[in-house]
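Encoded as C-alpha cells, the structure appears first; notes follow it.
Read-outs throughout are calculated quantities, based only on the coordinates presented, and are distinct from any laboratory measurement. Predicted, not measured: the structure shown is a model, and the values here were computed from it. Cβ coordinates were reconstructed from backbone atoms using ideal geometry, including for glycine residues, and neighbour counts include every protein chain displayed.
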Amino acid sequence: MQEKDNLFDAAAIPTELCGARVLQSALDRSLQERIVAQLRDIVVKAPLHRPVTRWGKPMSVKMTAAGKFGWISDTRGYRYAETHPSGAHWPDIPKEILSIWKLFVPEARDPECCLINLYEPNARMGLHQDRDEADFSQPVLSVSLGDEGLFRIGGPERSNKTRSIWLRSGDIVILEGASRLAFHGVDRIKPGTSDLLDKPGRINLTLRVVT
Ligand code: MD3
Ligand code: FE
C-alpha cells in the first residue's frame, strides 16, 4: 500500500495566475490512472452528453458529473440539476477525488458537484465566468487529465487582459478569492501529448460547492 504522500505532490510550488493557484504535477501517474478508472464507472451510470445552448447550438465539450448536482444545458437554459438528462441521480464523487479537495482546500465546505468535461481534439470552451453557484466564497478546484490544454484566464470583466498557460495531466488549479469570478476558457488542446487516456483528448474535473 502506497502512502498518500507519494500520490499527491503537496510540496509542488504553486504558480500564481491572475489570482488562481496553479499546482503543476500535483497528482502522480498512478493516482491519475485510478481516477480515470473511476471515471469509467461514472460514465457507465451517467453517460457523457453534449450540452446544447439555449439557442440549440451543441457545445464542443462533452460532459457528465458526479455528486449531488451536475451542470446541464438545454434549450430551457443552463443550470445545476440533481439528475442526469436520463432522469437518473448522478453517481457519488469517488472518495479519492474527495481526498484531493480535502488536501488542497481543507477549509472549504464539501464539494457538491464534480463536473467532468471531455475535450476531444477539436473541442474548446469560450471565455466565461462560473456564476451559477450560490456562494462565491467557496473555491473551485480543477484537475487536468490526458492531453495538454491551453487555459486562458483574465479578470472579473470580459475586457480584462488575459494570460494563458498549458495545463498538463496531473495539474491542479485552485480558483479562490478574486479569481473565483475571473473570465476563463480553454482555447485548444494538443492531441498526442499524454498517454494517460486511450484516445486523444483531455479530461477536466471541476469540484464545486453549488448551494
Ligand atoms: C476560473 N473548465 O468547467 S478548468 C468549467 O479546463 C471550465 O474544462 C475549464 O471552465 C476546463 O467551467 C477550466 C479551470 C477553472 C474552472 C473553474 C473556474 C477555472 C475557473 C471557475 C472560476 C474561475
Ligand atoms: Fe468555467
**Fill in**
Taking segment 125-141 and keeping only residues that are surrounded by fewer than 18 Cβ atoms within 10 Å (Cβ to Cβ) and not acidic (Asp, Glu), one is left with Gly126, Leu127, His128, Gln129, Arg131, Ala134, Phe136, Ser137
**Item:** segment 25-57 - residue that is assigned to a loop (DSSP other than H, G, I, E, B) and under 15 Å from the mean Cα position of the chain (by Cα) and, of those, surrounded by the fewest Cβ atoms within 10 Å (Cβ to Cβ)
**Value:** Leu48
**Request:** Having 1 or more residues that are among the aromatic types (Phe, Trp, Tyr), away from ligand 2 (no atom under 16 Å from the Cβ) and in contact (Cβ under 8 Å) with a residue 12 or more places away in the chain is the bar; report the strands (runs of 3 or more DSSP E) wholly within segment 137-211 that clear it.
**Result:** 163-167
**Request:** Within segment 85-102, track down each residue that is more than 30 Å from Arg29 (Cβ to Cβ) and touching a residue at least 12 places away in the same chain (Cβ under 8 Å).
**Result:** Pro85, Ser86, Ala88
**Asked** Just one of the numbered conditions (1) closer than 18 Å to Asp110 by Cα; (2) more than 8 Å from ligand 1 (Cβ to nearest atom); (3) in a strand (DSSP E or B) is not true of Ala134; which one?
**Response** (3)
**Asked** Only one residue in Glu33, Glu82 is under 18 Å from Ile100 (Cβ atoms) and among the acidic types (Asp, Glu), so which one is that?
**Response** Glu33
**Item:** In segment 156-211, residue surrounded by the most Cβ atoms within 10 Å (Cβ to Cβ) [restricted to those that are among the acidic types (Asp, Glu) and within 13 Å of ligand 1 (Cβ to nearest atom)]
**Value:** Asp171
**Asked** Among the numbered criteria (1) within 16 Å of ligand 1 (Cβ to nearest atom); (2) in a loop (DSSP other than H, G, I, E, B), which single criterion is violated by Ser73?
**Response** (2)
